[in-house]
Amino acid sequence: MTGKDIRLNRLFNKGENAVVVAIDHGYMDGPIPGMENIREAAGKISPEVDAILMSPGMLKNVGSAFDYKGAPIPIVRLNWSTVFCFEWGYKSAYTTQAFSVKDAIALGAQMVLISLTLKTGDEMNDLKNVEVYAKLCNEAREYGIPVIGECFPTESDDISEEEMHDRVLRGTRIIAEMGADVIKTFYTHKFKEVVQGCPIPILGLGGHTTPDPIDSLQLAADEIAAGCKGVVFGRNALQRENPIMYQRALNEVVKRGMSPADAVEKFKL
């Protein structure tokens, strides 16, 4: 068993589906509701989740979330892309390296996330995005650090469901072919096709906060039913009246197959 295997097995504990809470939004979007104070946001994450996704630069501010036996593992995002600058309305998905894998390891990362956006409308931009992704992915391989490859299309809120499905279907396979160990991406209406076309585990993301918690729990249930091996929820996990109880409900839905309705009732959401 390699170091990469050990780290991956910690995420998928004894073969369980994984629950990851993301607090990396400030990396591109600045402070958002529920995550204005990064220490307070980290304090609203249940120790029962498997991992926390954040920027490398914030690890030093929230070490207490990771420094005890059985704590969630830290996953850090390495590249910076305008595709996530929602408040500024950027749409071109220009991407650059912000941290190296070596930087991330020194700061405490156990896994890294590298995002790749393709079909940006500019072939040269797509090529440059692939260059950034490939460089970081190859560096992670040298250090035995697992890579979560993120497939994040441009204009994700505005494209049709068929276009979203096509970009996710093709993008996830491309990212897997380029050496990722796990993939994080959007759920689509034909997601089983995505799973069938991708040989590595997929984590479904949560996206915008739903007004009613049961709707996001249903999204998680649908992602698992379609073949996802876990979820990455950020806003939906933290922008709640009781984030800890919501995350416990999410754990039950994702790991143990509890129905969203039963989870809402059990955890009084």
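Bear in mind these aren't lab numbers, they're just calculated from the coordinates by the rules spelled out. Note that this is a predicted model, so its numbers are computed, not measured. Note that each Cβ is placed from the backbone with ideal geometry, even for glycine, and that neighbours are counted across all protein chains shown.
Summary of values
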quantity	calculated
Long-range HN-HN contacts of E150 with modeled amide H, under 5 Å	I114, S115, L116, K184
Spatial separation of Cα centroids for region 205-269 and region 67-115, in angstrom	23
Selected from N125, N138, T188, residue furthest toward positive end of dipole (region 97-215; charges at beta carbon)	N138
Pairs from K14/K102; K44/K128; K44/K192 whose Cα-Cα separation, in the structure shown, is over 31 Å	K44/K128; K44/K192
Dipole in debye (nearest 20) - the chain, about Cα centre, beta carbon charges: Lys, Arg +1; Asp, Glu -1	980
Kirkwood hydrodynamic radius over Cα pairs of region 47-194, then Stokes diffusion coefficient at 20 °C and 1.002 mPa s, in µm²/s	134
Cα lying deepest toward the dipole's positive end in the chain, options T210, A225, C85, charges on Cβ	A225
Calculated from backbone phi, Karplus (6.51, -1.76, 1.60) coupling profile of region 114-124 in Hz, x at Gly/Pro	10, 8, 9, 10, 10, 6, 7, x, 9, 4, 5
Diffusion coefficient, µm² s⁻¹, Stokes-Einstein with Kirkwood Rh over alpha-carbon pairs of region 1-75 at 10 °C and 1.306 mPa s	122
Projected label distance in nm at D103 and D122, using a 7 Å step from Cα toward the beta-carbon	2.2
Net length gained if the chain between V130 and E163 were fully extended (0.36 nm per residue, minus Cα distance)	9.8 nm
With eigenvalues of the C-alpha gyration tensor scaled by 5 and rooted, region 3-266, Å	25, 22, 19
For G234, distant residues with modelled amide H under 5 Å away	A22, G206, G207
Straight-distance crosslink candidates among aspartates and glutamates, where the alpha carbon sits under 20 Å from K119 and sequence neighbours closer than 8 are dropped	E131, E150, E155, D157, D158, E161, E162, E163, D166, E177, E193
Listed residue (G149, N17, T96) projecting farthest to the positive dipole end of region 3-266, Cβ model	N17
Note, ³J(HN,Hα) from phi for region 20-25, Karplus 6.51, -1.76, 1.60, rounded to Hz, x at Gly and Pro	10, 9, 9, 10, 9, 4
Nearest-20 debye value, region 78-154 charge dipole, Cβ charges on Lys, Arg, Asp, Glu	60
Karplus 3J(HN,Hα) series, Hz, for region 78-86 with 6.51 cos²θ - 1.76 cosθ + 1.60 (x for Gly, Pro)	9, 9, 10, 9, 5, 4, 9, 7, 5
Percent antiparallel among DSSP beta bridges (both partners in the chain, rounded to 5)	10
